[in-house]
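**Q** Here it is: the structure, laid out below.
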Amino acid sequence: MAVDESGLWVGTYGDGLFFFDGRQWRNRYLVRDTLAFSFVNAIEYRYPHLWIGTDEGIFRYNGGKWSQMFAGDSSDVYSVTTIMSTPAATYIGTERGLYRSVGDTLTEVAGFEGFPVAGLCVSDKGVIVATRQSGIFTYNKKEEIVSPEQLTLQELAGDNKNEVLAGTASREKFPDMR
């Protein structure tokens, strides 16, 4: 979900993209491809753009027009897993790596090619990039924060059958982490 100046946007996984203006729900779609928003994986809003990440790529809405974003001259489509906007740029995590958008330009971030990105956040160390299998890194220095070996599974106490918690041994690198 994301909220912009005019209402609430909700993306679903199979039923499409919806907009609520305070009075009614409307299904949103592209005229040229009515199924492009069927499976929404990520939504992010930072004025003036709404970003929609799908299995078919990244789409940006400026309040009046939709644009599909491509890196450079490529027409490659990639499955978007996460989106995060900052005042400086919008970061897009995909199954094939990390992308960064400034203005109308989308570029692949060097050093993250081929790393499926699972999550993005901002901390006092800057942008943090979590990958599916390769660890967690800072964006600027590509410093490894958590290695894959540090990600452990811990059994829950009690009678929670077959449930596990993911834990890390990263307190020494981030003692203020809460």
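**Q** How about region 55-87: which of its residues are touching a residue at least 40 places away in the same chain (Cβ under 8 Å) and of a type in the set (S, T, N, Q)?
**A** THR81, THR82, SER85, THR86, listed by residue number.
**Q** If you don't mind, there's one more thing I want to ask. Being surrounded by fewer than 20 Cβ atoms within 10 Å (Cβ to Cβ), among the acidic types (Asp, Glu) and either in contact with a Ser or Thr (Cβ under 8 Å, 6 or more places away or on another chain) or under 24 Å from ASP4 (Cα atoms) (or both): is that true of ASP104 here? Outline the logic, then answer.
**A** Details: surrounded by fewer than 20 Cβ atoms within 10 Å (Cβ to Cβ): yes; among the acidic types (Asp, Glu): yes; either in contact with a Ser or Thr (Cβ under 8 Å, 6 or more places away or on another chain) or under 24 Å from ASP4 (Cα atoms) (or both): yes.
So ASP104 passes the test.
**Q** Tell me, which residue of region 46-66 that is under 16 Å from TYR99 (Cα atoms) and small (Gly, Ala, Ser) is surrounded by the most Cβ atoms within 10 Å (Cβ to Cβ)?
**A** Filtering region 46-66 down to residues under 16 Å from TYR99 (Cα atoms) leaves 51-60.
This time we only want the ones that are small (Gly, Ala, Ser), so: 53, 57.
Numbers: GLY53: 24, GLY57: 20.
The residue in question is GLY53.
One line per residue, one yes/no per condition, for (1) of a type in the set (A, V, I, L, M, F, W, C); (2) touching a Cys at 6+ places or on another chain (Cβ under 7 Å); (3) on the phi > 0 side of the Ramachandran plot:
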site	(1), (2), (3)
GLY7	no, no, yes
VAL10	yes, no, no
ASP33	no, no, no
PHE37	yes, no, no
HIS49	no, no, no
ARG60	no, no, no
VAL80	yes, no, no
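**Q** Something else now. Taking into account only those residues within region 8-45 that are assigned to a loop (DSSP other than H, G, I, E, B) and of a type in the set (Val, Ile, Thr), which is surrounded by the most Cβ atoms within 10 Å (Cβ to Cβ)? Full working, then the answer.
**A** Step one: of region 8-45, the residues assigned to a loop (DSSP other than H, G, I, E, B) are 12, 14-16, 21-24, 29-38.
Subsequent filtering for residues that are of a type in the set (Val, Ile, Thr) retains 12, 31, 34.
On the way: THR12: 13, VAL31: 6, THR34: 11.
Restricting to residues being assigned to a loop (DSSP other than H, G, I, E, B) and of a type in the set (Val, Ile, Thr), the top hit is THR12.
**Q** Sticking with this one: Please specify each residue of region 46-88 satisfying the condition of being hydroxyl-bearing (Ser, Thr, Tyr) and either under 21 Å from SER6 (Cα atoms) or assigned to a loop (DSSP other than H, G, I, E, B) (or both). Give the steps one after another, and end with the answer.
**A** Initially, region 46-88 is screened for residues hydroxyl-bearing (Ser, Thr, Tyr), giving 47, 54, 61, 67, 74-75, 78-79, 81-82, 85-86.
Hits for region 46-88 are TYR47, TYR61, SER67, SER74, SER75, TYR78, SER79, SER85, THR86.
Quick grid of which residues meet (1) among the small types (Gly, Ala, Ser); (2) touching a strand residue (DSSP E or B) at 6+ places or on another chain (Cβ under 6 Å); (3) assigned to a strand (DSSP E or B); (4) modelled with pLDDT under 90:
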{"position": "LEU98", "(1), (2), (3), (4)": "no, yes, yes, no"}
{"position": "GLU113", "(1), (2), (3), (4)": "no, yes, no, no"}
{"position": "GLY158", "(1), (2), (3), (4)": "yes, no, no, yes"}
{"position": "ASN162", "(1), (2), (3), (4)": "no, no, no, yes"}
{"position": "LEU165", "(1), (2), (3), (4)": "no, yes, yes, yes"}
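The values are calculated or read from the model by the stated rules, or taken from the named source; none is laboratory data. Computed from a predicted model, the values in this text were never measured in an experiment. Cβ: placed from backbone, ideal geometry, glycine included. Neighbour counts: every protein chain shown.
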